[in-house]
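Here, each number is a calculation from the coordinates, and none is a lab measurement. No experiment lies behind these values; they were computed from the predicted model shown. FYI the Cβ positions are ideal-geometry reconstructions off the backbone, even for glycines, and counts take in every protein chain you see.
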Amino acid sequence: MKRSLLLIIVCCVASLCFSKEKISAPKWLDSPYSQYSSKEYFAAVGVDKNRNMAELKAVEKIAGNFSRDVKSVSKAETHMASRQEGDSFTGATVDSSLNRVILSEIDQEDLIGIELAEAFFDEKHDTWYALALMNKEKTADLYFELVKKNSSAIKLLVASSEKLEPSMRKIAYQYRALKLAQLNESYFPRFFIIHPEKCENAKKLNVSSDSLRLSLDKTAVQVPVEVSVTNDKNAIAETACEELLKSFGIVVNSKNPKYSLNFEINPSYRTVQNPLIYYCEFTISADLKSKSDSKLVPWSFSGRAGGKNEELAKQKAYSLIAEKIKTDYLKVFEEYFYGETE
């Protein structure tokens, strides 16, 4: 009886050892191109104690083929399909989509076509290996379709703008066409690396951003805007407004303006005891108006800034106002321009 029991135990141990030996590392672990042809794929392996970081490193390596700055991070608390470290999981798994952590940490333009294909956990060394792949043919097709779709939209926007007299509406059409052309052109450097022939064909579809910029500039000269700001300390807000308009190609000129951008700043001051702090509180109201006095891009904002004295509080408040014009009001302008072309 004892001999039988001992024989069973020995067999079980031998079976376990055999099964572990049977699980071998995949071929791509040391050389991904031994399994995936370099003519068809970009392939890279990431290695780390944490699965998320292994995957991130693999994606970074592929993105690095396009000479882009890739952000390396240590965020890896969650994973869509991984086990926690310490689990006795051994073998390969397949993921169909990228980890959200990775998506948020790498320029998404570089992620077009990249997939996390497999992951392998080496129990002996407590290490994760992740394989990232980019199918060149499929990715080239994705880029081509993106360029084609944007190019069709550009042609429609240009055709629509040509029917309009010089106006903010015409600028809106031309601005959106320009941004789409620039987006297409941002694809071409990495598109060419992936598939030179298809990239050259895609370039033929695109309208040059330089030609679109020239058209926008010609219109902008005919649609001058006057900027007026009340209670503007050292013209800080006015300068921010002019920079905002120029970023859209709009010319600032007070001679015979077709539009006016009016800002009203209402500052007030108060002090708080223990400790003594001075506050500059303010409200801003702004609108872009046409000659007919119709409000096109209204906006309002209120806030405050504090300092050790009234002058410092005032300086901080106006710096905040300028920042909000360049960020918050910029978004309002963009919404107006894109809305005008819907």
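Between residue 254 and residue 230, the FRET efficiency from the beta-carbon distance, with R0 = 22 Å, is close to 0.90.
Using the beta-carbon distance between residue 295 and residue 204 and R0 = 45 Å, what value does 1/(1 + (r/R0)^6) give for FRET efficiency, to the nearest 0.05? Computed FRET efficiency for residue 295 and residue 204: 0.60.
The translational diffusion coefficient of segment 142-216, from Stokes-Einstein at 25 °C and 0.890 mPa s with a Kirkwood hydrodynamic radius over alpha carbon pairs, comes to 195 µm²/s.
Neighbours of residue 224, meaning other residues whose beta-carbon lies under 10 angstrom from its beta-carbon, give a summed charge of +1 when Lys and Arg score +1 and Asp and Glu score -1. Close amide H partners of residue 41, meaning residues 5 or more places away or on another chain with modelled amide H under 5 Å apart, are 136. What lysines could a cross-link reach from residue 204, if we take a straight Cα to Cα line under 29 Å and drop same-chain neighbours fewer than 8 places away? Hits, sequence-local ones excluded: 39, 136, 138, 148, 149, 155, 163, 170, 179, 218. Relative to the globular-protein estimate of 2.2 N^0.38 Å, the Cα radius of gyration of segment 183-279 stands at 1.82. Computed from phi, the 3J(HN,Hα) profile of segment 244-255 under the Karplus parametrisation 6.51, -1.76, 1.60 (θ = phi - 60°) reads 4, 5, 5, 5, 9, x, 7, 8, 9, 7, 8, 8 Hz, with x in place of Gly and Pro.
At 1.306 mPa s and 10 °C, plugging the Kirkwood radius over alpha-carbon pairs of segment 292-333 into Stokes-Einstein gives what diffusion coefficient in µm²/s? The diffusion coefficient I find is 135 µm²/s. According to the square roots a ≥ b ≥ c of the eigenvalues of the Cα gyration tensor, what is the shape class of segment 244-342, taking rounded for a/c under 1.5, prolate for a/b larger than b/c otherwise, and oblate for the remainder? Prolate is the answer for segment 244-342, as a/c is 1.5 or above and a/b outweighs b/c.
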